[in-house]
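Structure, as structure tokens:
The values are calculated or read from the model by the stated rules, or taken from the named source; none is laboratory data. Just so it is clear, the structure is predicted and the values come from calculations on it, not from any experiment. Please note: Cβ atoms are built from the backbone with ideal geometry, for glycine as well, and neighbour counts cover all protein chains shown. The area values use the complete protein model at the heavy-atom level, side chains included, leaving out ligands, DNA and RNA. Shrake-Rupley method; radii C 1.70, N 1.55, O 1.52, S 1.80 Å.
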Amino acid sequence: MRTGHFAFALATIAVVPQAFAQAPAADTPKLLGTSAEIQAMMDVNKGGNIVKIAPYRANLELRPAGTVGNAALHPHSNEFFYIIDGTVDVRTGGTLIDPKPSANNPTLMVGTKIEGGTSVRLSKGDVYIVPVNTPHQLTPVDGKVADMSILLPSGAPPP
């Protein structure tokens with residue numbers, strides 16, 4: 001009988017704390033994103049956070065071949081892009097047509113297209129920064145594109 005109580009006590013000690021453990025907070029930092037993790041995300045065609053520490057997030061963005069990206073403008077942030085794979089045309093400047101706040105992010109303005117502006121072609125390994133309050137639109141050239149984007153607050157103190 002003692003053995004049964006002892007086994008029950010051990011099981012309780014092992015299981016009960018897990019039952020009361022809380023799920024990690026939504027903004028738990030993720031400080032490392034390995035190339036294997038990024039490749040696995042790309043393989044299943046799933047974008048999302050690569051790394052994050054409040055208030056910054058490095059996101060994997062996947063852009064399907066043959067699509068025209070959303071026209072957007074960040075009124076409070078610069079946007080940093082690193083091209084992981086593929087080739088993309090980035091149009092910046094000009095005028096954002098039909099601007100409205102994004103349904104998912106009220107600090108992002110989206111539009112139907114950009115009139116005017118200039119384009120630059122970026123390929124694997126290229127880095128580009130879109131300045132604050134600048135309309136921009138990314139369009140894949142030949143095949144799909146994977147990029148990492150990070151929003152950098154405008155006016156942040158220098159390092």
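For THR87, the residues whose modelled amide H falls within less than 5 Å of its own, excluding neighbours fewer than 5 places apart on the same chain, are VAL141, ASP142. Computed with a 1.4 Å probe over protein heavy atoms only, the accessible area of GLU37 comes to about 80 Å².
Tally Lys and Arg at +1 and Asp and Glu at -1 over the other residues with C-beta under 13 Å from the C-beta of LEU96: what net charge comes out? Walk me through the intermediate numbers first.
Working: positive: ARG91, LYS100, LYS113; negative: ASP98, GLU115.
It works out to a net charge of +1.
Length available on full extension from ALA156 to ASN49: 0.36 nm per residue minus the Cα-Cα distance, which gives 36.3 nm. Charged neighbours of ALA54, selected by a Cβ distance under 12 Å, balance to +2 (K, R count +1; D, E count -1). Largest first, the residues VAL68, VAL127, VAL141 sort by 1.4 Å accessible area into VAL68, VAL127, VAL141.
R0 = 35 Å: FRET efficiency of ASP27 with THR118, Cβ-based, nearest 0.05?
Values: r = 37 Å, r/R0 = 1.05.
Calculated value: 0.45.
Once the 1.4 Å probe is applied to the protein heavy atoms, region 118-159 comes out at 57 Å² accessible per residue. In region 83-159, the portion of solvent-accessible area held by carbon and sulfur atoms comes to 55 percent [1.4 Å probe, whole percent, DNA, RNA and ligands not counted]. The phi torsions of region 75-81, fed into the Karplus equation with coefficients 6.51, -1.76 and 1.60 and a -60° offset, translate into couplings of x, 10, 9, 7, 10, 9, 10 Hz, rounded to whole numbers, with Gly and Pro shown as x. In terms of Cα atoms, the Rg and Dmax of region 65-159 work out to 13.1, 40 Å.
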